[in-house]
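The structure appears right after this line, and notes come after that.
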Amino acid sequence: MSTISYRRYRFPSAIIQHTVWLYYRFPLSLRDVEGLLAERGIDVSYETIRRWTHKFGPAYANRIRMRRTRPSRRWHLDEVFLRIDGKVHYLWRAVGDEGEVLDVLVQSKRDRKAALKLMRKLLKRQGSVPNAIMTDWLRSYGVALRKLGLDRRHEMGGRMNNCAEISHQPARQRERQRRRFRSPGSAQKFLSTHAAVYNQFKIQRHLVSRRTMKNFRAEAFVKWRQIVAA
């Protein structure tokens with residue numbers, strides 16, 4: 001696991017860690033986070049916060065992915081459009097049965113090559129082949145899965161893919177908060193990091209009791225402190 005160093009930073013590591021957590025955990029702008037820190041007596045500019053999130057966010061996300069348990073064997077794939085710099089791009093997303101984001105990929109096309117690129121990235125990162133792959137009626141998925149020899153595991157349907165469609169909502173919320181993304185690269189970097197932090201603190205509250213939810217949340221914070229440690 002790669003090391004994270006906070007040396008030569010004017011602020012303590014605890015403040016940097018908390019700042020990055022605030023930005024990726026909640027739908028806040030850089031200036032919103034600056035205001036929250038100012039209320040606590042911490043004078044830091046939004047530009048400094050931006051540099052912290054760019055440097056430490058992806059490092060935290062990589063550690064989270066390395067610690068995650070193997071996801072469910074049913075994958076849900078979906079794509080939505082993003083307007084970046086006046087041009088339409090597509091956010092491809094893969095989600096597990098329980099809503100865990102497996103991967104995201106920003107691409108300029110919505111064709112067979114784009115679907116194939118997503119699947120190859122997924123298979124490489126997850127290190128296993130799922131039992132079932134759920135998609136909507138976009139034919140690009142079928143062509144890509146046929147090329148990979150996974151067409152027998154492919155299941156299509158309108159409502160069968162609600163899990164992936166609902167998973168787009170937090171990303172849409174952040175897109176509005178940021179007043180859209182400036183480039184495909186910045187969108188990919190932010191959404192990939194956001195997905196990892198989202199997974200770390202995602203708790204299906206409607207399925208568990210209040211006491212169980214509090215235990216899960218406490219456990220998530222313990223793991224988070226281990227992840228961001230130097």
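No lab work stands behind these numbers, since they all come straight from the coordinates. Remember, predicted model here, so these are calculated numbers, not experimental data. So basically every Cβ, Gly included, is an ideal-geometry build from the backbone, and we count neighbours across all protein chains shown.
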- Message: Which chymotrypsin sites (Phe, Trp or Tyr not before Pro) in the range 134-208 sit in a loop by DSSP (not H, G, I, E or B) and have at most 16 other Cβ atoms within 10 Å of their own Cβ?
- Response: 137
- Task: Please give, to one decimal in nm, the separation of the simple spin-label points placed at residue 215 and residue 38, each 7 Å out from Cα toward the Cβ.
- Result: 4.3 nm
- Item | Calculated [θ] (222 nm, deg cm²/dmol) that DSSP helices of n ≥ 4 give over the chain, each run adding -39,500 (n - 2.57) | -17000 deg cm²/dmol
- Taking the radius of gyration and the Kirkwood hydrodynamic radius from Cα positions alone, what is the Rg/Rh ratio for the range 149-230, to two decimal places? 1.06
- Message: Please give me, ordered by residue number, the trypsin sites (Lys or Arg not before Pro) of the range 148-195 that lie in loop per DSSP and have at most 14 other Cβ atoms within 10 Å.
- Response: 179, 180, 182
- Query: Where both partners of a DSSP beta bridge lie in the range 74-182, what percent of those bridges are antiparallel, to the nearest 5?
  - Reply: 70 percent
- Message: Test of the criteria: in the range 70-132, which GluC sites (Glu not before Pro) are in a DSSP loop and have at most 14 other Cβ atoms within 10 angstrom of their Cβ?
- Response: 98
- Item | Efficiency of FRET between residue 165 and residue 112 - r from beta-carbon atoms, R0 22 angstrom, step 0.05 | 0.55
- Message: Greater than 28 Å separation of Cα atoms is the criterion. Which listed pairs, 113/202; 124/214; 87/117; 113/223; 124/189, meet it?
- Response: 113/202; 124/214; 113/223
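Round to the nearest 0.05 the FRET efficiency obtained for residue 178 and residue 120 when R0 = 22 Å and r is the Cβ-Cβ distance.
On the way: r = 29 Å, r/R0 = 1.30.
About 0.15, to the nearest 0.05.
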- Query: Which residues' amide hydrogens lie under 5 Å from the amide hydrogen of residue 89, considering only partners 5 or more residues apart or on another chain, with H built in the peptide plane?
  - Reply: 82, 83, 84
- Once the mean 1/r over all distinct Cα pairs of the chain is inverted, what Kirkwood radius in angstroms do you read off? 18.9 Å
- Task: Of the options 212, 58, 170, report the single residue whose Cα projects farthest towards the positive end of the charge dipole of the chain (beta-carbon charges: Lys, Arg +1; Asp, Glu -1).
- Result: 58
- Report relative contact order for the range 74-182 in percent, whole number only (criteria: Cα-Cα under 8 Å, sequence separation at least 6). 30 percent
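Counting pairwise Cα distances across the range 18-135, what percent come out greater than 23 angstrom?
Of the Cα pairs, 48 percent sit more than 23 Å apart.
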- How much length is gained if the chain between residue 208 and residue 81 is pulled fully straight, taking 0.36 nm per residue apart and subtracting their Cα-Cα distance, in nm to one decimal? 42.4 nm
- Is the range 74-182 best put as rounded, prolate or oblate by its Cα gyration tensor, with a ≥ b ≥ c the root eigenvalues, rounded for a/c under 1.5, and otherwise prolate when a/b is larger than b/c, oblate when not? prolate
- Message: Apply the Karplus curve 6.51 cos²θ - 1.76 cosθ + 1.60, θ = phi - 60°, to the phi angles in the range 3-13 and return the couplings in whole Hz, x for Gly and Pro.
- Response: 7, 10, 10, 10, 5, 6, 9, 5, 8, x, 4
- Query: Tell me, how many Å apart are the Cα centres for the range 22-54 and for the range 167-230?
  - Reply: 16 Å
- Rounded to the nearest 10 degrees, what's the angle between the helix 46-67 long axis and the longest principal axis of the chain, both from Cα atoms, 0 to 90? 50 degrees
- Which angle from 0 to 90°, rounded to the nearest 10, does the C-alpha axis of helix 162-177 make with the longest principal axis of the chain? 40 degrees
- Message: Taking the 0 to 90 degree range and rounding to the nearest ten, how far is the long axis of helix 30-39 tilted relative to the main principal axis of the chain, both from C-alpha atoms?
- Response: 30 degrees
